[in-house]
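The structure under discussion appears below in the form of structure tokens.
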Amino acid sequence: MVIRFYIFTMFSLLSFSLSAQNLLSYVTVNTTKPYIGQPVQVKVHVYTTTFFTSGINLGNIQVDNALTVYFRSVSSVKKINGKKYAGVEFYYDLFPTREGTITIPSLEIQVETPIEGGFKGIKRTLKTKPKNLTAKPVPLGYDPQKWLVANSLSINQQWSIPLANIKVGDVVKRTIKRSARGTLSEFIPATQWDSISGVSLYPKRAKVTSNKSRTSISSNRVEIVSYLFEKEGAIVIPKMTYMYWNAINKKYYQKQVDSVVVQVKPNADLAMLSSIKKSLQKENQEEMGAEVETPFLIFGLTPKTFVKYVLFGLFAFVVFFKIVTFIASFFRKAYNDYLKSERHAFKQVIKAIDKNDHVSYSTKSHVWLMKLGNPYPTIAQLVQNYGNEEEINLFKTANEVFFKFEKKNENSSAAIKNGLKHIRKKYLNDHQIKNNNARVNKDWLNPKRL
């Protein structure tokens with residue numbers, strides 16, 4: 001009794017000491033209804049009433065249908081219900097990539113912290129609750145192909161050569177660089193180049209970069225297009241308008257690149273125009289071709305498709321193996337049953353007759369009679385009871401010729417075989433009739449209830 005009370009007391013004290021320490025972990029966001037591409041500030045909070053004896057490393061978090069960027073962790077102290085907590089806050093930006101529900105999953109956080117009054121860290125695992133956001137589509141009236149959410153947008157334009165002395169056949173490269181703060185390069189939309197009469201356009205692959213500091217992110221998109229002037233006269237390169245929506249002040253902004261009028265002068269040497277055009281086309285095709293990355297394939301299939309085929313093949317093989325095993329087992333059993341059957345025993349008797357083997361005939365005949373249920377000790381008695389007078393005399397004569405003199409005689413062999421087949425058939429029919437009558441009598445004595 002004393003021992004039980006001691007154990008109970010120690011357990012109670014231990015439970016009290018553990019419960020005396022509080023650990024908290026939760027996730028907060030600055031908005032639950034962002035637009036596509038709008039950054040959501042996500043903070044992961046981890047707190048203890050004592051202190052952490054080792055660092056906490058969450059790294060970046062993975063969220064479906066969103067891109068996330070980790071910035072920094074900050075130590076924090078706060079009071080909750082009058083109790084002091086020390087903790088760490090982790091800062092992220094989350095960018096929705098499509099409309100609909102986006103779930104920040106439950107996060108497992110490994111910490112080491114002592115109990116209150118202690119100093120040795122104890123490993124613990126904390127879990128945050130999942131948090132749902134609802135990403136809104138691009139507002140009505142705005143072009144989804146031009147939609148951008150950013151804190152600011154700057155545009156820089158450069159021409160490879162001055163536009164004052166352009167003549168037919170000249171190629172001019174135009175570079176447009178857009179720098180946006182508060183977003184990722186994946187969200188800066190591609191420039192939509194307008195077609196221009198008398199000018200062929202050859203855009204190159206865009207170059208994008210993202211730059212992150214401890215508190216913010218910015219990105220760049222650099223696009224280059226080559227203009228081949230094919231006709232003389234005044235060529236108007238139209239203006240371009242870029243927009244962005246500022247999520248901080250909830251305002252919509254436009255940035256504009258003015259139109260340019262180029263006076264294209266004639267060129268006496270027009271023969272080179274065709275070769276320049278072909279060269280630009282080839283260069284553009286190679287540039288765009290390099291943009292398409294060759295996916296990793298296994299026997300011409302993507303890994304996902306290959307795994308599906310392998311699993312299907314394994315399943316088909318297992319099914320096929322089971323079917324073959326079942327069929328083989330069925331036929332093996334059927335063959336074994338046949339080897340034990342009266343029919344097979346009778347065929348062995350016929351084979352012994354064909355081989356003129358009187359020793360084998362005697363043995364096989366005995367086995368056959370056993371399969372029939374031992375109705376008679378010898379075949380002669382079976383013939384005597386089921387054969388007519390002509391068959392009995394014929395069988396007796398043929399049997400003497402065939403076995404007594406041990407001579408091979410086709411007529412004797414045929415007479416014995418035919419006689420045995422007829423007598424066997426007669427016996428089996430008679431036996432079946434008796435069985436049927438016995439079954440009828442049994443049913444009469446024990447009628448079935450309907």
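The values are calculated or read from the model by the stated rules, or taken from the named source; none is laboratory data. Since the structure is predicted, the reported quantities are computational estimates derived from the model, not experimental observations. Backbone-built Cβ (ideal geometry, glycine too); neighbour counts: all protein chains shown.
Observations
- Filter result (in a strand (DSSP E or B) and within 17 Å of T191 (Cα to Cα)) within region 230-244: I237, M240, T241, Y242, M243, Y244
- Hits in region 140-171 (condition: in the same structural domain as A268 (by TED's automatic domain parsing), exposed (fewer than 12 other Cβ atoms within 10 Å of the Cβ) and assigned to a loop (DSSP other than H, G, I, E, B)): I161, P162, A164, N165
- Pairs with Cβ under 9 Å, 6+ apart, first in region 228-252 and within 30 Å of K278 (Cβ to Cβ) and touching a residue at least 12 places away in the same chain (Cβ under 8 Å), second surrounded by 13 or more Cβ atoms within 10 Å (Cβ to Cβ) and of a type in the set (F, W, Y): L228/Y202; I235/Y227; I235/F229; I237/Y227; M240/W193
- Y85 being within 26 Å of S185 (Cβ to Cβ), more than 27 Å from the chain's Cα centre (by Cα) and crowded, with 16+ Cβ neighbours inside 10 Å: no
- Strands (runs of 3 or more DSSP E) completely within region 50-121 that count 1 or more residues being among the aromatic types (F, W, Y), assigned by TED's automatic domain parsing to the domain that holds V27 and more than 27 Å from S213 (Cβ to Cβ): 83-96
- Looking at K304, K322, K333, K308, just one residue is surrounded by 12 or more Cβ atoms within 10 Å (Cβ to Cβ) and either assigned to a helix (DSSP H, G or I) or not assigned by TED's automatic domain parsing to the domain that holds A415 (or both), and that residue is K308.
- Taken together, the criteria place Y70 among residues that are at pLDDT 90 or above, within 20 Å of L184 (Cα to Cα) and of a type in the set (F, W, Y).
- Filter pass, G117 being buried (at least 16 other Cβ atoms within 10 Å of the Cβ) and either within 33 Å of the chain's Cα centre (by Cα) or modelled with pLDDT under 95 (or both): no
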